[in-house]
């Protein structure tokens, strides 16, 4: 039985669709087939305007953006920290010590400590990507190798000076910015590729390499990074590893716990742990690198990464389909996974509320004349054109016919976050849930908020007088990751408190996770117990104390405040 016949029969529950007159891609009345697309041209997806905003902020000395417009008075639902009195307040003498390690042109120092920088000049490093948190660091250091990081940490540890490692600063939970006056150790100048084994695909590079730059480098060798994010034009591979970033092609390449072969890391006492193995198999004792993956810089600073690059697909195909229910989405996923097997590289989904927001904000033409309850974006990447032609996915929908249309299809999904942030105050959840229940939390929360008089009216319609604008969800169905968003007119701490813990209780009842791929940082640190048992948290604290007895590494995060 052919693939198109198998999927066509299995997906009869999905509605037959007609193309919008303004849609960029025409729809044939019969079954549609994936057309051949070349990965060299089509696999790179542009980042959002938020990435551009971040890049502007990073150019801190030339930035005239007012921090008052970017910084919330504090993140609602978050317990404020108290500065640890055991940490030393920086002095000019400390700056002098740093000056013995680094040249002046690789240091930013405030005028208060004898430098030339105004505090506002450091906003790009003190402020997180989405403008919620702003620290008060007066020193930013730019080492170029592990030896310099070692000297910096050794001194800071001996003096009990708290530090924050920082990569591209594109995180969403405040993990890469100071809470108070911690010294920022930026890895942006550690950006060299050290080696590439073209036989095995093992790439060894500095932690400060930008993900997209690495992928472009590998493209020249017929390889690709096993990770793809909307922020890939700014995020660093060291930050990706330190947060165990997931991304849109997790379905094909899996977790960084599997693709990272080895790490170089510097411990708080200055010890350089060189575990940059390029071997795929090694059963000689503890797999130490796993401790640093997802640790968010709390036990040491990742300075080098050895990662297994994948073969770059020569053809990439994409399609958007409309669905009448989440059950249809699940059915489509099961069938696509079964029939497309190894060439299925991404399976994204979103609901109608998410689609409406992105259409309105981005001024996009809708893909279909009808607004469907759910949408699915399927991407396949094959090793050769012949293979893909034998594996065509047959179903009415919108098919990319060229590079421009391929990117437009991805824009529906990729530009949702910026549309949500721009429409109102967004409280975001990054949840890991069993696939069978993945979208249930959206309906559950809508019902709760409506019953409390916060969302829909008695007829189930949006009421402009109510504080909540939208409750929506989108994400990566392949790994059970839902981005749940509650969009409000304004930040309201009492309202957030009314639903935040209801969501966490629901997640706990499903044996889910409160953080699927964004990490804990400041935002989720105090909610760790919803995903981890007391015994597991105790073990995590013991590991932290073993590596960092003085607690100087990225403090006030990861663990509940004490």
Give the value in nm², to one decimal: projected area of the alpha carbon convex hull of segment 109-264, averaged over all directions.
10.0
Descending packing, highest mean Cβ count within 10 Å first, for 256-264, 533-541, 135-143 is 135-143, 256-264, 533-541
Ascending count of other beta-carbon atoms within 10 Å, so fewest first, for 81, 413, 249, 280
280, 81, 249, 413
In whole angstrom, the spacing between the Cα centers of segment 501-519 and segment 110-136 equals 33
Relative contact order of segment 189-311, defined on C-alpha pairs under 8 angstrom at six or more residues apart (%)
32
Sort 307-319, 461-473 by the packing proxy (mean of other Cβ within 10 Å over each peptide's residues), most packed first.
307-319, 461-473
Highest first, please rank the peptides 478-489, 357-368 by the mean number of other Cβ atoms sitting within 10 Å of their residues.
478-489, 357-368
Tell me, how many Å apart are the Cα centres for segment 534-562 and for segment 242-281?
20
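Laboratory data are not the source of any read-out in this text; all were calculated from the coordinates shown. These figures come from a predicted structure and were not determined experimentally. FYI the Cβ positions are ideal-geometry reconstructions off the backbone, even for glycines, and counts take in every protein chain you see.
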